[in-house]
1. If you check V107, V78, which single one turns out to be more than 15 Å from the chain's Cα centre (by Cα), farther than 30 Å from T159 by Cα and in a helix (DSSP H, G or I)?
2. Let me spell it out: the conditions are (1) β-branched (V, I, T); (2) touching a residue at least 12 places away in the same chain (Cβ under 8 Å); (3) part of a helix (DSSP H, G or I), and V44 meets all of them except one. Which number is the exception?
3. If I filter segment 120-130 for residues that are closer than 24 Å to V82 by Cβ, touching a strand residue (DSSP E or B) at 6+ places or on another chain (Cβ under 6 Å) and modelled with pLDDT under 80, do I get at least one hit?
4. Checking I95 against (1) touching a strand residue (DSSP E or B) at 6+ places or on another chain (Cβ under 8 Å); (2) among the hydrophobic types (A, V, I, L, M, F, W, C); (3) over 18 Å from M22 (Cβ atoms), only one condition comes out false. Which one?
5. Under 7 Å by Cβ, and 6 or more places apart or on different chains, what pairs join a residue from segment 5-34 that is modelled with pLDDT of 70 or more with one that is hydroxyl-bearing (S, T, Y) and surrounded by 12 or more Cβ atoms within 10 Å (Cβ to Cβ)?
6. Confirm whether F62 is touching a Ser or Thr at 6+ places or on another chain (Cβ under 7 Å), among the hydrophobic types (A, V, I, L, M, F, W, C) and assigned by TED's automatic domain parsing to the domain that holds A31.
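The values are calculated or read from the model by the stated rules, or taken from the named source; none is laboratory data. None of these values were measured; they are calculated from a predicted model. Every residue, glycine as well, gets a Cβ built from its backbone with ideal geometry; the counts of neighbours run over all protein chains shown.
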Amino acid sequence: MDPFNKHESNDSAARSDSELQMVPSWSIALAAVVFVAVQYMFFVMMPHRHNEVLAFRLLMSFTWGAALASYTLLIGYVSRDVKRRNMSGRLWMLIVLLLPGGIGAVVYFLLRQPAQMACPGCHSQVPASVNFCPQCRYQLAAICGQCHRSVRATEIYCTQCGHDLAEDHTPARLRA
């Protein structure tokens, strides 16, 4: 990533924000409850010894609380992401919950299908990464008229071949 290219950093920030919005509110609330429950367990339920080091107890409680809360957020993310990718939600939730140590989540991220979206032209489900609908040839993303690679709608020149994008007859819906 080029530190001088502000468009690239803005796009990655927007992408990470949209991915964070995939985490449902019930998962955020449950993660907070899990974190507080772990703190309660470490400081109220577990026996205290006066010669015990408090820093170690703090470190362990925070580490376990953060790990379990993060896993709860991950489960919430997967529960929404499977719907977006037209996959079996119940099957993947069972895999993520039952395989120990987060292995189910790793398997999910390795095997998940590409994200799907509805084509505005024919309403068929198409991968989000395509530029044209394979059913009706509706243009879904801006492309360079010379090298036919994807470009951002806000770019003036193609970053691959330097072609002037203003010369292309881009549909009005794809213009900045």
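1. Numbers: V78 fails: more than 15 Å from the chain's Cα centre (by Cα).
Among V107, V78, only V107 is more than 15 Å from the chain's Cα centre (by Cα), farther than 30 Å from T159 by Cα and in a helix (DSSP H, G or I).
2. (2)
3. Among the residues of segment 120-130, at least one is closer than 24 Å to V82 by Cβ, touching a strand residue (DSSP E or B) at 6+ places or on another chain (Cβ under 6 Å) and modelled with pLDDT under 80, which makes the answer yes.
4. With respect to (1) touching a strand residue (DSSP E or B) at 6+ places or on another chain (Cβ under 8 Å); (2) among the hydrophobic types (A, V, I, L, M, F, W, C); (3) over 18 Å from M22 (Cβ atoms), I95 is out only on (1).
5. Every condition considered, the pairs that remain are M22/Y77; V23/Y77; P24/S79; S27/T72; L30/T72; A31/T72; V34/T72.
6. Numbers: touching a Ser or Thr at 6+ places or on another chain (Cβ under 7 Å): no; among the hydrophobic types (A, V, I, L, M, F, W, C): yes; assigned by TED's automatic domain parsing to the domain that holds A31: yes.
Judged against the criteria, F62 is not a match.
Yes or no, residue by residue, for (1) free of Cβ contacts under 8 Å to residues at least 60 places away in the same chain; (2) over 20 Å from the mean Cα position of the chain (by Cα); (3) surrounded by 13 or more Cβ atoms within 10 Å (Cβ to Cβ):
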position	(1), (2), (3)
K83	yes, no, no
I103	yes, no, no
P114	yes, no, no
H123	yes, yes, no
V130	yes, no, yes
P134	yes, yes, no
I143	yes, yes, yes
R149	yes, yes, yes
A153	yes, yes, no
